[in-house]
Amino acid sequence: MTTASICTIGDEILIGQIVDTNSSKISTALNTLGIKVRYMLSIGDDREEIISNLDKCLRDTDIVIITGGLGPTKDDITKDALASLSGATGYKESPEQLAIVKRILGARHIDLLDINLAQALVPDTCEVIPNQLGTAPCMKFPFDEKRYGHRAVLYSLPGVPYEAEGLLDAILEDIKNNFQLERIIHKNIITFGVPESVLSKQIESWEDALPEWLHLAYLPNATIGIRLRLSCYGADDESRVARMDQEIEKLRELLGPTIYGSGDDTLQSILPRLLKCPPEAARQETLSVAESCTGGHLSQLITSIPGCSRYYNGSVTSYSNEVKINVLGVDADIIARYGAVSRECAEAMARGVAELMDTDYSIATTGIAGPDGGSKDKPVGTCWIAAVHRNRTTGEVEVTSKKVLSMSASRDVNIKRFASNALDLLRRLVEQQLF
């Protein structure tokens, strides 16, 4: 299988001054093409470090793609390092890139300086893929089998994300023309509400029986849940693809309602499907929210989905007891007897907002996100959530609630976990009505 390394050049990444978004985009594109990424490195602005790390990557993988270190200033040393690595005897001018440099600077009314012209100079060992969006070209350095024992190629891209992304299609096309590629398939099954250790035990026998070419990864996320990713390398064999689908169905049978989605689904993105509101459908079942400890985050998740106005009526952020009582209609005796952070209060909030906004479903959160405000009986990280379904035909109201404990996390993580658990509680309530 064709393999690749992705490298970023620059101290600014190593010290956390900027976030590397190039590597994830390049990795996704390579996987889609059928190339297995083995290494992902960040290298500082040190000539010898650049050369030694790239030499290792070229020795171990077929393709190396680097971004960064190609600016017009003297601290950008990548081009010189690549010249040395590739055995260049000098530099040559790229007429196409020079014309682009002149066009870009002219359009910006910037004087054409020697350092700008130098960006069109490249080592004589490379081929140039012109960069239409910036002044630094993409340089391609081919290496024959004598150097590394296998044919290898290095592509050097500018670090500016939109420039690197703009060159990616040309690089992928060049790779397709020069390498034999195998199909790679990744499929995600997404779960919520079961800890990773428990989940692993539940599917242990299934996992042990997987063929060696089918790889399972656990990808936990506090707000999304746990993604179970099955990866099939060499999926040109259709029998392998069929087996992969069979194993996913076995997994669905094992985990049942623990699974809520697949692919890139999130708890909020599945709401249109659950509430029977696909883009082409008329508005059907509706949702409202009453928040206390989540402070609007739950509403933000819901409204992050385009078209949510078809099913989402709105929310009340009832942080104070007065708003719970006067707006949502929570009985003051409930708060006096059980406290604002209680099953009884959460359920009353959910009922109140459903009636206030005349919705079929509602969810409510009330808890202690921290870092202060906890007690022995209700420590920081305690949250009660409730979900309501109002049956418009029978007039019946179904209420379900759950206590969430997240006591070792920060305030921000607690809020996110509370909101995700609330969406999952709603999801399970809706699925009960559907199935």
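The values are calculated or read from the model by the stated rules, or taken from the named source; none is laboratory data. Predicted, not measured: the structure shown is a model, and the values here were computed from it. Methodologically, a virtual Cβ is constructed for each residue, glycine included, from the backbone with ideal geometry; neighbour enumeration extends over all protein chains shown.
Do we find that Ala348 is of a type outside the set (D, E, K, R) and buried (at least 21 other Cβ atoms within 10 Å of the Cβ) in this structure? Criteria met by Ala348.
Against the numbered list (1) crowded, with 16+ Cβ neighbours inside 10 Å; (2) under 33 Å from the mean Cα position of the chain (by Cα); (3) of a type outside the set (Ser, Thr, Tyr), Arg390 comes up short only at (2).
When the test is whether a residue is on the phi < 0 side of the Ramachandran plot, among the acidic types (Asp, Glu), surrounded by fewer than 16 Cβ atoms within 10 Å (Cβ to Cβ) and out of contact with any His (no Cβ under 7 Å at 6 or more places or on another chain), Asp76 does not pass it.
Screening Val198 on (1) within 23 Å of Leu251 (Cα to Cα); (2) modelled with pLDDT of 95 or more; (3) in contact with a Leu (Cβ under 8 Å, 6 or more places away or on another chain) shows it passes everything except condition (3).
Against the condition within 29 Å of Val194 (Cβ to Cβ) and surrounded by fewer than 22 Cβ atoms within 10 Å (Cβ to Cβ), how does Glu355 come out, does it pass? Taking the combined requirement at face value, the residue does not satisfy it.
Restricting the first member to the range 424-435 and to residues that are touching a residue at least 24 places away in the same chain (Cβ under 8 Å), and the second to residues that are surrounded by 13 or more Cβ atoms within 10 Å (Cβ to Cβ) and assigned to a helix (DSSP H, G or I), the beta-carbon pairs closer than 6 Å and six or more apart or on different chains are Val430/Leu274. Residue count for the range 322-361 under the criterion of being under 37 Å from the mean Cα position of the chain (by Cα) and either of a type outside the set (A, V, I, L, M, F, W, C) or assigned to a helix (DSSP H, G or I) (or both): the result is 22.
For (1) out of contact with any His (no Cβ under 9 Å at 6 or more places or on another chain); (2) under 19 Å from Gln268 (Cα atoms); (3) assigned by TED's automatic domain parsing to the domain that holds Tyr312, each residue gets a yes or a no:
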site: Gly381; (1), (2), (3): yes, no, yes
site: Arg392; (1), (2), (3): yes, no, yes
site: Val399; (1), (2), (3): no, no, yes
site: Lys403; (1), (2), (3): yes, no, yes
site: Arg411; (1), (2), (3): yes, no, yes
site: Lys416; (1), (2), (3): no, yes, yes
site: Ala422; (1), (2), (3): yes, yes, yes
site: Leu429; (1), (2), (3): no, yes, yes
